[in-house]
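Working notes for the structure below.
Read-outs throughout are calculated quantities, based only on the coordinates presented, and are distinct from any laboratory measurement. Quick caveat: nothing in here was measured; it's all calculated off a predicted structure. In this analysis, Cβ positions are derived from the backbone assuming ideal geometry, glycine residues included, and neighbour counts consider all displayed protein chains.
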Amino acid sequence: MPAPRFLTALALAFAAMCGTGAVVAQSRLDPALRASGNPDEARSALARAVRDGKRAKYRAEQLEEDARRATERAERTAAQAAAVAARIQETEAWIAARQAQLRLMAARRRSLDARLAERQEPLIRLAAALQRLSRRPPALGLLRPGSVRDAVYLRALLATMLPEVEVRTAELRSELGRIRKLSDEQAAAAQSLAREETRLRQRQERLARIEAEQRLDLRRVAGIASRESERALALAERARDLEELVAVAGRQGRLIAELEALPGPLMRPLCPEESQVVDALRPSPTPRGPASYILPVAGRLVMGFDASSGAGRPSRGIVLVAHGGAQVVAPAGGRVAFAGPYSGYGRIAIIEHEGGWTSLVTGLGRLDVEPGERVVGGSPLGVVESSDGKVIVELRHGGEPVNPLRYLGGV
């Protein structure tokens, strides 16, 4: 083969391999998947989301089993709502995991692109030099002195360089293969994310239907709900701040529990001389924490109990951060003492549990419960406010704040 034709073919091969292959690889990447983010933060978010997803899945399975065992319509509906809410939290956790996975893939793709560009550069320069040599007319080379010697030298140089060029070409093909594989993985992860988002919408719609069914059931006891709403409004008007509101709700809840525990009226005995004197009030057992206590939302803990809150006093609860619209559930079963907006805290919910325990959940953008309503652990309370996603959780016993993390259940 004449030298110019040989050079032309070799240059075109380099150009096709270095240029066109890179363009094809770049075109396979969806620009929407080039998310920014620190890889370490993405790995931490991925691990946290997977952990939250497993916990929510376990809780959903338990609640679904409770729903199958429930016989009363109200209990069955409440258990179903709690199970669906747990499934929503599970789906939200898996969506967060997919998003973290995509951020990791984007960081890896950027690293591969940079390494590919670094390895392409010398071969591109060599291909350009060969193209310039191939454009010289053969007759012009014969007229120059020493042209035959230069041609022989060039052939020997190319024969020496060719093995190295082949090695680098193989490395580039390997890099392009890794990029194509990563692009396929990114596309699969994006499709999985879309499926999870569709599943989330379906579960939210199912929860809305169950909540509508619950509202129909609640209309049958509208008188009780109305009285409880009036009592909650009166509490809010009398309370000066949120702490006083929680304390007042707790005291009234304990009073109701004590009244319910009182024995009925004593009948006059037929034989007074055989009667025995009994205590009117029986001593209550030593209080324990609420059964199966859970965190109301899957989020990141940003402030612990008794930490400095920046307001000159230690925090009375914990602070979680979740994405706007995340599902919020009841941390334990009980009675809703207050549900509504409160100045400086958005919409809040106060739940009275058995044994003199009270939970406060703030930062809700929407409330799905009403005062006086009975809830089970995991029942939907509402969704997180979209502005900052900050949720405050307080647990009190006898009006005194305690660390809710100490009473979390085994899920």
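Report, by chain and number, residues whose modeled amide H sits under 5 Å from the one on Ile348, excluding near sequence neighbours (fewer than 5 apart, same chain).
Counting only residues 5 or more places away or on other chains, the set is Gly340, Tyr342.
Around Val302, with a cut-off of 12 angstrom between Cβ atoms, what is the net charge of the other residues, counting Lys and Arg +1 and Asp and Glu -1?
Residues close to Val302 contribute a combined charge of +1.
Could you order peptides 87-99, 199-211 by the average number of other Cβ atoms within 10 Å of their residues, highest first?
Highest-to-lowest ranking by the protection proxy: 87-99, 199-211.
Give the order of Lys54, Lys181, Lys390 when sorted by the count of other beta carbons within 10 angstrom, beginning with the fewest.
Lys181, Lys54, Lys390
Can you pull out the trypsin sites (Lys or Arg not before Pro) in region 322-377 that DSSP calls coil and that have at most 12 other Cβ atoms within 10 Å?
Passing sites in region 322-377 do not exist.
What does the extension gain come out to for Arg173 and Ala188, with contour length at 0.36 nm per residue minus their alpha carbon separation?
Between Arg173 and Ala188, full extension yields an extra 3.1 nm.
Given Cα pairs under 8 Å that are at least 6 residues apart, what percent is the relative contact order of region 294-389?
Relative contact order for region 294-389 comes out at 30 percent.
Order by neighbour count: Thr169, Thr358, fewest other Cβ atoms within 10 Å first, most last.
Fewest-to-most ranking of Thr169, Thr358: Thr169, Thr358.
Kindly put Arg406, Arg119 in sequence by how many other C-beta atoms sit within 10 Å of each C-beta, fewest to most.
The fewest-first ordering by Cβ neighbours comes to Arg406, Arg119.
Around Gly382, which amide H atoms from residues at least 5 apart in sequence, or from another chain, sit under 5 Å from its own amide H, with H modelled in the peptide plane?
Val328, Asp368
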